[in-house]
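The values are calculated or read from the model by the stated rules, or taken from the named source; none is laboratory data. All of these numbers come straight from a predicted model, not from anything done at the bench. Because the Cβ atoms are built from the backbone with ideal geometry, glycine has one as well, and the counts that use them run over all protein chains shown.
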Amino acid sequence: MAKSKNGAWKSAANVGSEASREAIIAAANALLTKEVRRPPSYVVAWLEWGDGLARIAAKDAGPLLLVPLLGGPLTVPELGRFAAGVALAQEYVKVAGVLRISAAATETDAERAMLWAVRGDQRRLDRALLLRFADDSAGRAFLTGLRRGDPTDPVDALDDTEKLLALADSDAHRVWLSALPKGEGAAVKRLHAALPGLRAAVARLAPSKDAAEKRELFRRVVTLLVASAARIGLAGRYLTGDVAGRERAYAAFKRPKAKKPRTKSTP
């Protein structure tokens, strides 16, 4: 039985890739706006990981389809849509400066340095607010939402800064933050000072209407990919958990360490 299902997968992979691509685009467009999530942090690295997951899932398709997942077992079409979706998302990422997925190719050195400093101050406030929201699930969920998204994206950085400052400037938190001993009050002032530069960077790098539509489709496709990756990973870890060396193939994505931008030395 496993062999026949594996054969079905190989056949689908050979003749159904275009159909799978069209299917995931249709499913992505059908998502409600409230269902669309931000792409994972370090989305380029996530997609590389997803590509590897799609490849190993294709090889293990037969037994994967037999795992009784809570939401129903994986199917050949689902694996096909996942592989096609990863390939489509990677194509969009390669359009540098259009989707704003990776800004490294189009930002100036000054913009990158500003973004690094802004993200540092955001992390400082995040750590402080975790104390403030220790018993507040809604507050912790708000902070979790801010941590999602590409840390190199000025659009995301501006959105996060405006939301953090709205919170920090409120009567409920302003005095408390300014009294903390690790420079949180100064971080709030620096974020206010950075706002004009962030807005200017976002305006300069604003995508065209066509690019904005592709960006939206990208977000929708990745929303579906994240859900499928969780199902594939769960099934794969069940299959390989007792096989030495195999369980790593289905390990969850690990975020790469952020690298501080290099500063040019003066001669």
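Summary table below
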| quantity | calculated |
| --- | --- |
| Failed item in (1) of a type in the set (Val, Ile, Thr); (2) over 26 Å from the mean Cα position of the chain (by Cα); (3) modelled with pLDDT under 85; (4) not in a loop (DSSP other than H, G, I, E, B), with Thr263 passing the rest | (4) |
| Selection status of Leu146, aliphatic (A, V, I, L, M), free of Cβ contacts under 8 Å to residues at least 24 places away in the same chain and closer than 19 Å to Asp169 by Cβ | no |
| Scope the range 50-82; condition surrounded by 19 or more Cβ atoms within 10 Å (Cβ to Cβ) and outside any loop (DSSP other than H, G, I, E, B); matching residues | Gly50, Leu53, Ala54, Ala57, Ala61, Leu64, Val76, Glu78, Leu79, Gly80, Arg81, Phe82 |
| Any hit, the range 183-190, residues being of a type in the set (Gly, Ala, Ser) and within 21 Å of the chain's Cα centre (by Cα) | no |
| Any chance Ala128 is assigned by TED's automatic domain parsing to the domain that holds Ala200 and either in a helix (DSSP H, G or I) or modelled with pLDDT of 95 or more (or both) | yes |
| Answer residue from the range 159-168, given it is surrounded by fewer than 20 Cβ atoms within 10 Å (Cβ to Cβ) and farther than 17 Å from Phe133 by Cβ and is modelled with the highest pLDDT among those | Glu162 |
